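Structure first, commentary second.
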Amino acid sequence: MSESVPSLADEVVLELAGVSRRFGTNVANDKVDLVVRKGSVHAVVGENGAGKSTLMKIAYGQIRADEGSIRIKGRQMPIAKHNPMKAIELGVGMVHQHFMLVPPLSVAENVVLGREPLKGLVLDLDKAAGELQALSEKYGLHVDPTAIVETLSVGEQQRVEIIKVLWQGCDILILDEPTAVLTPLEVDQLFDVLRGLVAEGVAVVMITHKLDEVVALADDITVMRRGKVVDTLEGQGASVESIAQAMVGRSVLLQVAKAPANPGEDVLVVKALSALGQSGLPALRDVSVTVRAGEIVGVAGVEGNGQSELQECIVGLRKPTSGTVAVNGQDWSGMHVAERYRSGLAHVPEDRHARAIVLDFSIADNLILGRHREFSKGPLIDREARAKEAEARIADVDIRPADASVHAGTMSGGNQQKIVIARELNRPANAILVCAQPTRGVDIGAIELIHKQVIAARDAGLAVLLFSAELAELQSLSDKLIVLYGGEVALRMDAEELAKEGARAKIGAAMTGASASQESA
């Protein structure tokens, strides 16, 4: 009987064995084993702080392991000397969750940065552009090499990062939260690209919290919990429920449980709001929306259709060209941001690093950010009051590690988001919560917790304006919903309409401009 011919996916191209890494007393990775096969998609999943990103940064050489071994395409790498340059030479490339591009430079300039092709003593960008164009066409990445990066959408910037890795000759591709900031259409396009790469023999390692995407794409799944591998699963046959239970060690509520809203008086009233975007062109056109006490109004839309400008006008970060914003009958038009906070604003922004936390501050200081006067004795912070607040908030949302002195910059993105949620939902004068992308980059257990927190706030009488790129999240949390398209309200839906079969298709159509319905809600 003849032996079977091994497939591409039988060849191991990346192997980590007994890898451990500590940061002070925090054990990020604890004797972790990982085997990645050629021509496969390997998903690494786990709760925030489980050690996924640390493990992949060790594989890429960005972080050095304390112990263990790394083998790339059969070659043993000394852990004390492993670095990104050596990883790239052996074909390992990494696309980080927060892109590492230089906005004012072109696509071609970003891709060749640090490995510039020369013609004599002169940079040969034409050669690079030609090579990038060929890669773009081969893998369906569709990016103009001459385009300036800061003019590109988030999805296009991600394609630039992937092209950069491929141009470097990498065939082991590590993606950290690749769909966290993409629209549904961009996710589908990315998956088409990844399937094409795998068919060419590329190994893809994907860190993600979106378990439906894991089920759809992964060949192998490694589940981590608190720094250890707790399960390995085959992608075929795995379910969202089984992966979620392995991640958190218990059954997870995948559907939002909430009672019908019991709304009160109008809290936020936005009337005929118009505003310009960063480009100086109109971004909002005559938008009106009302949020009552005890209800959640969702805002849907493909990125770039006015959602960011609407948030910024409400919280005071952008001046509208016309229209009004009022809360509890008080005109906010002339108020600066601090006054709005004192008058009842709570805000979870879409970019937590830019507008919500200070990475060099401790958990305790981030939890009172903007509220220092409440925790002061004269000119000094009341350390005892700050410590009590931190202890309560850490317990509320299960922030990990639970050490209030830890700097936010050393924490996972999901735990950073928990800090923001805990702080904003506990401002003493809360009337309106403007909440943008509350579960972006957050694991399934934390998503469940954050959803419960937002619903509890609604049931306690808070008015919530919710922005999210996740249609399932909007549809399940919202009591009413509007869709923005081209800076205008393209669709309004109430709770009854949101519960109807076909609601998601109707919302999706409005998001792409296929529906011009202007129903009132």
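Things worth noting here:
- Gain upon complete extension [D124, R64; 0.36 nm per residue less C-alpha separation]: 18.1 nm
- One decimal place: the segment A354-D144 gains 72.8 nm when fully extended, by the rule 0.36 nm per residue minus the C-alpha distance.
- Sorted fewest first by neighbouring Cβ atoms within 10 angstrom, D220, D188 come out as D188, D220.
- Long-range HN-HN contacts of G298 with modeled amide H, under 5 Å: L466, D479, K480, L481, I482
- Projecting label points 7 angstrom from Cα along Cα→Cβ for R71 and N83 puts them 2.6 nm apart.
- Taking N as the residue count of the chain, its C-alpha radius of gyration divided by 2.2 N^0.38 Å amounts to 1.02.
- Cross-link pairs exceeding 22 Å between alpha carbons, from the set K73/K138; K418/K480; K38/K86: K73/K138; K418/K480.
- The stretch 8-248 - share of DSSP beta bridges that are antiparallel (%, nearest 5): 60 percent
- Value in Å of the Kirkwood radius, where the stretch 8-248 supplies the Cα pairs that are averaged: 18.4 Å
- The chain: antiparallel DSSP beta bridges as a percent of all, rounded to 5: 60 percent
- C435, C170, C313 arranged by Cβ crowding within 10 Å, fewest neighbours leading: C170, C313, C435
- Measuring how big the stretch 91-192 is from its alpha-carbon positions, Rg and Dmax come out at 13.2, 45 Å.
- Relative contact order, percent, the stretch 282-385 [alpha-carbon distance under 8 Å, six or more residues apart]: 13 percent
- From phi via Karplus (6.51, -1.76, 1.60), per-residue ³J(HN,Hα) for the stretch 353-363 in Hz, x at Gly/Pro: 5, 7, 9, 10, 9, 10, 4, 7, 8, 6, 4
- Among G409, N366, L380 - extreme Cα towards positive end, dipole of the stretch 357-428, charges at beta-carbon: L380
- Residue-by-residue Karplus 3J(HN,Hα) for the stretch 75-90, coefficients 6.51, -1.76, 1.60, Hz, glycine and proline x: 9, 6, 9, x, 5, 6, 10, 5, 8, x, 4, 5, 4, 4, 4, 8
- The H on the amide N of K258, modeled in the peptide plane, is under 5 Å from the matching H of no residue at least 5 residues off or on a different chain.
- Inter-centroid distance (Cα atoms) of the stretch 267-304 relative to the stretch 52-73, Å: 45 Å
- Amide H contacts of L268: V291, N328, each under 5 Å away and 5 or more positions distant or on a separate chain (H built 1.01 Å from N in the peptide plane; Pro and chain starts excluded).
- Trypsin sites (Lys or Arg not before Pro) within the stretch 68-152, DSSP loop, no more than 14 other Cβ atoms inside 10 Å: K81, R115
- Placing unit charges on the Cβ atoms of the charged side chains and taking the dipole of the chain about its Cα centre, the candidate lying farthest along the positive direction among A390, P260, C170 is A390.
- Eligible lysines near K377 by straight Cα distance, threshold 21 Å, same-chain separation 8 or greater: K388
- Pairs of Cα atoms nearer than 8 Å and 6+ residues apart set the relative contact order; for the chain it is 15 percent.
- Relative contact order %, the stretch 8-248, counting alpha carbon pairs below 8 Å whose residues are six or more apart: 28 percent
- Dipole check for the chain: with +1 at the C-beta of Lys and Arg, -1 at the C-beta of Asp and Glu, and the Cα centre as origin, the magnitude is about 1380 Debye.
- Sites A257 and V27, calculated FRET efficiency, Cβ-Cβ separation with R0 22 Å, nearest 0.05: 0.05
Throughout, read-outs are computed from the coordinates displayed, never taken from laboratory work. The model shown is predicted, which means the values in this text are computed figures rather than measured ones. Because the Cβ atoms are built from the backbone with ideal geometry, glycine has one as well, and the counts that use them run over all protein chains shown.
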